[in-house]
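The values are calculated or read from the model by the stated rules, or taken from the named source; none is laboratory data. Keep in mind that this is a model prediction, so the values were computed, not measured. Here Cβ is always computed from backbone atoms with ideal geometry, including for glycine, and neighbour counts include all displayed protein chains.
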Amino acid sequence: MTPRTTRADRLAHPTTRDAVQAVAEAHGACLHPVQLRRINTDTGQTDQILIPCGATLASKCLPCAERVKVLRAAQCAEGWHLDTEPIPESPAPDEVQAM
Ligand SMILES: [Zn+2]
């Protein structure tokens, strides 16, 4: 027989949602993955895939924000940033514009 508990006792336990979120954060998994449907155009077979949300704000998704922060730091350390602003040259005017 299940022991009797009060409503306050039951509410003091973490919910399944809280437990799943804590496990996902502990393993660095995305908290709000985006579900996409991938269709093989040759066979017509569809697959459901989950991709990370890619959020850059920790308030939205802490694991994705940390992952993006580490990636940006590595890119800056490797010199992926530009030293000057790229300004494209304007094309020469065509006949109509020249008139
Ligand atoms: Zn995420």
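Checked against the criteria, E25 does not count as outside any loop (DSSP other than H, G, I, E, B) and under 12 Å from the mean Cα position of the chain (by Cα). When A19 is tested against (1) exposed (fewer than 11 other Cβ atoms within 10 Å of the Cβ); (2) part of a helix (DSSP H, G or I); (3) more than 16 Å from the ligand (Cβ to nearest atom), only condition (1) is not met. Give just the number: which of (1) more than 13 Å from the chain's Cα centre (by Cα); (2) not in a helix (DSSP H, G or I) does Q75 not satisfy? If we test Q75 against (1) more than 13 Å from the chain's Cα centre (by Cα); (2) not in a helix (DSSP H, G or I), just (2) comes out false. Being in contact with a Leu (Cβ under 8 Å, 6 or more places away or on another chain), modelled with pLDDT of 90 or more and of a type in the set (G, A, S) holds for only one residue in A29, A73, A92, A65, and it is A65. Please enumerate the residues belonging to the stretch 46-99 that are within 26 Å of L36 (Cβ to Cβ), surrounded by fewer than 10 Cβ atoms within 10 Å (Cβ to Cβ) and among the charged types (D, E, K, R). Listed by number, the list holds a single entry, D47.
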